[in-house]
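Bear in mind these aren't lab numbers, they're just calculated from the coordinates by the rules spelled out. Bear in mind that the values here come from a model prediction, so they are computed numbers and not experimental data. Here the Cβ is made from the backbone with ideal geometry for all residues, glycine too, and neighbour counts use every protein chain on show.
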């Protein structure tokens with residue numbers, strides 16, 4: 001089965017509770033088996049700074065879903081959880097993004113894999129490196145650890161004591 005890496009984030013309401021709920025929904029999903037989960041990190045928002053800090057984590061999953069079906073499933077979970085899409089990079093109760101899907105590349109109007117901003121975002125590189133430091137970016141041909149070591153993102157990422 002293919003391996004996919006998914007980022008989870010929340011900066012509205014019960015942030016930890018939303019992450020737990022999204023994880024439970026993913027665990028109950030057909031065609032998805034979560035194999036690893038990073039620690040939770042509290043991260044400074046990218047984009048508008050007049051919003052709360054995020055809680056973020058990354059999971060590794062084995063999946064029978066193809067990339068487009070996986071995206072559809074993640075978007076359905078966001079919708080079921082009440083995600084509002086009012087502003088780009090604005091506050092949200094839950095955000096689920098496909099970071100990597102095996103060594104595949106996808107470039108459609110709906111989905112780009114690997115995630116196009118992955119190399120510039122410490123809030124996903126830190127938790128991804130925790131669980132998959134040797135995974136390779138299929139276009140840049142660098143490991144996640146190498147991407148993190150070269151990342152110039154200055155937004156703060158700190159360990160969060162809560163568990164999911």
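When only alpha carbons of the stretch 1-69 are considered, Rg and Dmax amount to 13.4, 41 Å. Note on the stretch 1-24 and the stretch 28-88: Cα centroid distance 5 Å, given to the nearest whole angstrom. FRET efficiency for the residue 134 to residue 30 pair, using the beta carbon distance and R₀ = 25 Å, is estimated at 0.30. Annotation for residue 68 and residue 158: the two label points, set 7 Å from Cα along the Cα-Cβ direction, are 4.4 nm apart. Across the chain, Cα-Cα pairs farther apart than 24 Å form 29% of the total.
Peptides 150-158, 12-20 ranked from most to least packed give 12-20, 150-158, packing being the mean of other C-beta atoms within 10 angstrom over each peptide's residues. With helices as the sole contributors, the chain gives -8500 deg cm²/dmol at 222 nm; each DSSP H run of n ≥ 4 counts as -39500 (n - 2.57), and the sum is divided by every residue. Take every Cα pair under 8 Å whose residues are at least 6 apart in sequence, average their separation, divide by the length of the chain, and the relative contact order is 31 percent.
Ellipsoid semi-axes for the stretch 37-119, based on the Cα gyration tensor and the rule √(5λ), read 22, 15, 14 Å when sorted largest first.
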